[in-house]
Amino acid sequence: SAVISQKPSRDICQRGTSLTIQCQVDSQVTMMFWYRQQPGQSLTLIATANQGSEATYESGFVIDKFPISRPNLTFSTLTVSNMSPEDSSIYLCSAGQRGELFFGEGSRLTVL
Amino acid sequence: GDSVTQMEGPVTLSEEAFLTINCTYTATGYPSLFWYVQYPGEGLQLLLKATKADDKGSNKGFEATYRKETTSFHLEKGSVQVSDSAVYFCALSGSNDYKLSFGAGTTVTVRA
């Protein structure tokens, strides 16, 4: 299994600002992903964080809005840029391998 | 693309009742299937999984069988407890990648 730590766990942000979320895994993992869970909704995949190269984004998500880094096999960051109230969500980091993905507890962002 | 259709909730049950949450999928090849659970105030946890047709996943009294002929992975528990109150998500990962696609989630409330 893998233990995933995210920070911040929650934050209140002002419109137009940017926030970076960190994800730390307690072991080396092949795959890392970032998901968004809007209020009362299911999880939507934002991107796959690729170690040492640019992230792979899903349809509807772009690098300028959600830049992602993954410098090694245990760490990744997601930045939510130029935030608007529509970005208020829980952002979840996921890591593991095919057959089992583990999730962090999420970062709850509220944009005013 | 790959997708999951999950029974809509909310579902409210009495303790010791039988629970079924329907899940069907659309995918090419041979996906792996999962049920994740999100307890109130907690992160997403893997409940059970099945990686090939006719496999049965089980955990904490919950079961689900991978039925390729009906493209289904219904979750069942014979006697629910108050502590089973949570949101349940059906998910799949495709045969060629590691990404998880989630269903909409079903909120289950068990009353004493």
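Between A:Gln41 and A:Arg10, the simple label model (points 7 Å from Cα in the Cβ direction) yields a spacing of 2.0 nm. The percentage of C-alpha pairs in the protein assembly as shown whose separation is greater than 25 Å is 41%.
Kirkwood hydrodynamic radius computed over chain B comes to 13.9 Å, based on all pairs of distinct alpha carbons. FRET efficiency for the pair A:Lys65 and A:Leu112, taken as 1/(1 + (r/R0)^6) with r the Cβ-Cβ distance and R0 = 22 Å, rounds to 0.75.
What you get for chain B, charging only the Cβ of Lys and Arg (+1) and of Asp and Glu (-1), is a dipole of about 160 debye around the Cα centre. Take the Kirkwood radius over Cα pairs of region A:25-105, plug it into Stokes-Einstein at 10 °C and 1.306 mPa s, and you get 122 µm²/s for translational diffusion. What FRET efficiency, computed as 1/(1 + (r/R0)^6) with R0 = 22 Å and r the Cβ-Cβ distance, is obtained for B:Tyr39 and A:Glu100, rounded to the nearest 0.05? Calculated value: 0.75.
With neighbour counts taken as other beta-carbon atoms within 10 Å, the residues B:Glu42, A:Glu100 rank, fewest first, as B:Glu42, A:Glu100.
Taking label points 7 Å from Cα along the Cα-to-Cβ direction, A:Leu73 and B:Thr26 give a separation of 3.8 nm. Pairs exceeding 26 Å between alpha-carbon atoms, taken from B:Lys52/B:Lys77; A:Lys7/B:Lys99; A:Lys7/B:Lys77; B:Lys68/B:Lys99; B:Lys49/B:Lys99: A:Lys7/B:Lys77. In plain terms, the residue of B:Ile21, A:Ile12 with the fewest other Cβ atoms within 10 Å comes first and the most crowded comes last, giving A:Ile12, B:Ile21. Each of B:Asp2, B:Asp97, A:Asp64 was scored by other Cβ atoms within 10 Å of its Cβ. Listed from fewest to most, they are A:Asp64, B:Asp97, B:Asp2.
Any read-out appearing in this document is the output of simple, stated calculations on the displayed coordinates, not a laboratory observation. The model shown is predicted, which means the values in this text are computed figures rather than measured ones. Neighbour counts are summed over all protein chains in view; Cβ atoms, including those assigned to glycine, are modelled from backbone coordinates with ideal geometry.
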